[in-house]
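Read through the structure below, which is laid out as structure tokens, and then see the notes.
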Amino acid sequence: YNITTAIRKIDKERTLIRCSSNYNSIYELSRLVRLADENVIDTFHFYEPFLFTHQGAEWIGAQESTTGIPFPYDAAHWPALNPKAKNTDGEKNYNKYHQDGNEQSIKDKLLIPKRWAEGYDVPILCGEYGVYNKYADLDSRCRYIKAVRQALKSLNIPGMLWDYAGNFSIFSGDPGMGTLPDCMRDAMR
């Protein structure tokens, strides 16, 4: 007996959106099996590479304390590791960012949920992607959002930006066309 069975006793028509554990991880999604229900969309969140998308995010803690991370990786503008991130997953991510901080790596990682969905013949949805905007520079944020959007489109996966006007905002100031930077407008075309 599961939640889908319970919902279907009450509502047989509603489309259900199912997510995986670990904050809707692409890796956890790839471990799920298809539900026997034909009216389910599986969803995932995409924040790879996390070192870039969550740099300086206070709620994550010391592991993401390194800021000034560019997208894509640029050795000429590479910051020093914040000492607080030593011996954390953040240090591991920092050391492999030269491999992960590029458009091809984004597409390769998005192939994980795509192949999973194809294997089970089910629809998928990227329910969130974006960049914490406090420390990531605008041009890098625009390049990242464009890279993810284009990769999702090429893989035929619908996706939603997170978020509109908060910590992951696409605007420079209050939301409005006048505060939408040109590079962000281009990234979202």
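A few notes on this one:
- Residue-wise HN-Hα coupling along the stretch 166-178, computed from phi with Karplus coefficients 6.51, -1.76, 1.60 (Hz; x: Gly, Pro): x, 5, 10, 4, 8, 9, 10, x, 4, x, x, 4, x
- Only Lys, Arg, Asp and Glu carry charge here, each on its Cβ (+1 for the first two, -1 for the last two); on that basis the chain has a dipole of about 300 debye about its Cα centre.
- Hydrodynamic radius by Kirkwood, which averages 1/r over all alpha carbon pairs of the stretch 13-52, in angstrom: 11.2
- The stretch 1-88 gives an Rg/Rh value of 1.19, both radii derived from C-alpha positions and Rh following Kirkwood.
- Positive contributions from Lys and Arg (+1) and negative ones from Asp and Glu (-1), summed over other residues with Cβ under 11 Å from the Cβ of Ala151, come out at +3.
- Centroid-to-centroid separation of the stretch 124-140 and the stretch 1-78 [C-alpha atoms, Å]: 13
- Counting every alpha-carbon pair across the stretch 30-142, the share separated by more than 23 Å comes to 37%.
- In the stretch 80-189, lysine pairs with alpha-carbon atoms under 16 angstrom apart (chain gap of 8 or more, or interchain): 8
- The calculated FRET efficiency for Leu180 paired with Tyr120, based on their beta-carbon distance and R0 = 25 Å, is about 0.10.
- Computed packing ranks the peptides 92-99, 75-82 as 92-99, 75-82, most packed first, by mean other Cβ atoms within 10 Å.
- Stretchable slack from Glu103 to Thr4, in nm (0.36 nm times residue separation minus alpha-carbon distance): 32.0 nm
- Amide H contacts under 5 Å for Arg18, placed H, 5+ residues apart: Ile41, Asp42, Thr43
- Accessible surface of the chain, 1.4 Å probe, proportion on carbon and sulfur as whole %: 52
- Relative contact order [Cα under 8 Å, 6+ residues apart], the stretch 21-108, whole percent: 23
- Proportion of all alpha-carbon pairs of the chain beyond 31 Å (%): 23
- Where the chain is the region considered: accessible area per residue in Å², 1.4 Å probe: 55
- Where labels lie 7 Å past Cα in the beta-carbon direction, separation of Val33 and Arg18 in nm: 1.1
- In this simple spin-label model, placing a label point 7 Å from the Cα along the Cα-to-Cβ direction at both Asp137 and Asn167 gives a separation of 2.3 nm.
- Vicinal HN-Hα couplings computed from phi for the stretch 112-118 (Karplus, 6.51 cos²θ - 1.76 cosθ + 1.60; Hz; Gly/Pro x): 4, x, 4, 5, 4, 5, 5
- Ranking by accessible area, most exposed first, for Glu64, Glu28, Glu13 with a 1.4 Å probe: Glu13, Glu28, Glu64
- Only helical runs count toward this figure. For the chain, summing -39,500 (n - 2.57) over DSSP H runs of n ≥ 4 and dividing by all residues gives -11000 deg cm²/dmol at 222 nm.
- Residues Lys12, Lys86, Lys114, ordered by accessible area of protein heavy atoms at a 1.4 angstrom probe radius and largest first, appear as Lys12, Lys86, Lys114.
- Where only C-alpha atoms are counted, convex hull volume of the stretch 117-174 per residue in Å³: 81
The values are calculated or read from the model by the stated rules, or taken from the named source; none is laboratory data. Nothing here was measured: the structure is a model prediction, and the numbers come from that model. Backbone-built Cβ (ideal geometry, glycine too); neighbour counts: all protein chains shown. Protein only, heavy atoms only, side chains kept; ligands, DNA and RNA dropped before computing areas. Shrake-Rupley method; radii C 1.70, N 1.55, O 1.52, S 1.80 Å.
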